[in-house]
Amino acid sequence: MSTEKREDALITRLVERCAADERIVAAFLGGSRVRGGADGHSDYDISLIVVDASYGELIAEKAGFVRLLGQPLFLEDFGNENVAFVIFADGVELELLFFREGDMRSIRSGPHRVLYDQAGILSGLEFPPPELEPAEQVRALRNLLFWFWHDLGHFTAAIERGQLWWAAGELEQLRHHCVSLIRIEQDVEVEDEPYWKLDTAISTDPLDPLRSTFVPIDRDDLLRAGRELLAYFRRQAPIVARSKGLSYPSELDALVGRHLDHS
């Protein structure tokens, strides 16, 4: 079966299951398949609107609901009760979201296409795109400004002890902080995965100096890369901190940074 037919089959099965389940009043498709730009690697972002009184019951049965749509080889929610991340045996990927009908107008998902609407509750309704939370960005930056030095201390210890695999892992953490710093500078949400869709999320030109920090697990190479990341952070972090009304931890820089300076 072609990819297009497999995906059409998923939508057909989902609409049939929604129509057969009185707890579900509507369903819509969002994400790149509605915005445009979807390709063969794109998943399906589908949201279900559930009767308030039945929400808890359906959430408890969400794994069973997913199995009515196909055979999942991967089915996880990573601690988020209202979502199911799915990879079916036929290769189709799905991110399924559950919302209470009473919370429907708080949804921030951007453009959508109606798949099922029992009573027309989605008619004429538009969902605004997700909004950046400035307070959350400031909180993330505050954490970053201090955790960088925590990880730099670990990197320096690993280098000096000759524990190169540990050093390589800490080097990646330092690079993550630098990438997140640029996301914040460009007012883009900080992700748990800093590289998540990075090429389209931001202008990556400011990250070009970090290219040389991808190095083999060799002490000299790791040490050089660590110093380059330290220099990069020292240049960029004070600028971003000031732009968000935060103070750069200069004393921490002087205390922790000097150990790597002299390694």
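Observations
- In the set Ala231, Ala158, only one residue is over 21 Å from Glu131 (Cβ atoms), surrounded by 15 or more Cβ atoms within 10 Å (Cβ to Cβ) and among the aliphatic types (A, V, I, L, M); that residue is Ala158.
- Subset of the range 39-57 [out of contact with any strand residue (DSSP E or B) (no Cβ under 6 Å at 6 or more places or on another chain) and within 17 Å of Ile87 (Cα to Cα)]: Asp39, Gly40, His41, Ser42
- Within the range 3-52, tally of residues that are without any contact (Cβ under 8 Å) to a residue 60 or more places away in the chain, of a type in the set (Asp, Glu) and assigned to a helix (DSSP H, G or I): 4
- Residue under evaluation Thr200, criteria (1) part of a helix (DSSP H, G or I); (2) of a type in the set (Val, Ile, Thr); (3) buried (at least 17 other Cβ atoms within 10 Å of the Cβ); (4) modelled with pLDDT under 95, criterion not met: (3)
- As a summary of the residue check, Glu228 satisfies the conditions (1) touching a residue at least 24 places away in the same chain (Cβ under 8 Å); (2) over 26 Å from the mean Cα position of the chain (by Cα); (3) under 25 Å from Asp208 (Cα atoms) except for the one numbered (1).
- Of all the numbered requirements in (1) assigned by TED's automatic domain parsing to the domain that holds Val25; (2) part of a helix (DSSP H, G or I); (3) of a type in the set (A, V, I, L, M), Leu97 misses one, and that requirement is (2).
- Pairs meeting the criteria (first residue in the range 106-130 and touching a residue at least 12 places away in the same chain (Cβ under 8 Å) and among the hydrophobic types (A, V, I, L, M, F, W, C), second residue exposed (fewer than 10 other Cβ atoms within 10 Å of the Cβ) and in a loop (DSSP other than H, G, I, E, B), beta carbons under 7 Å, at least 6 apart or on different chains) are Phe127/Arg108.
- Only one entry in Pro216, Pro194 is without any contact (Cβ under 8 Å) to a residue 60 or more places away in the chain, of a type outside the set (A, V, I, L, M), outside any helix (DSSP H, G or I) and closer than 20 Å to Glu131 by Cα, namely Pro194.
- Extreme residue, surrounded by the fewest Cβ atoms within 10 Å (Cβ to Cβ), among residues of the range 53-66 that are in contact (Cβ under 8 Å) with a residue 24 or more places away in the chain and not basic (Lys, Arg): Glu57
The values are calculated or read from the model by the stated rules, or taken from the named source; none is laboratory data. Computed from a predicted structure; not experimentally measured. Please note: Cβ atoms are built from the backbone with ideal geometry, for glycine as well, and neighbour counts cover all protein chains shown.
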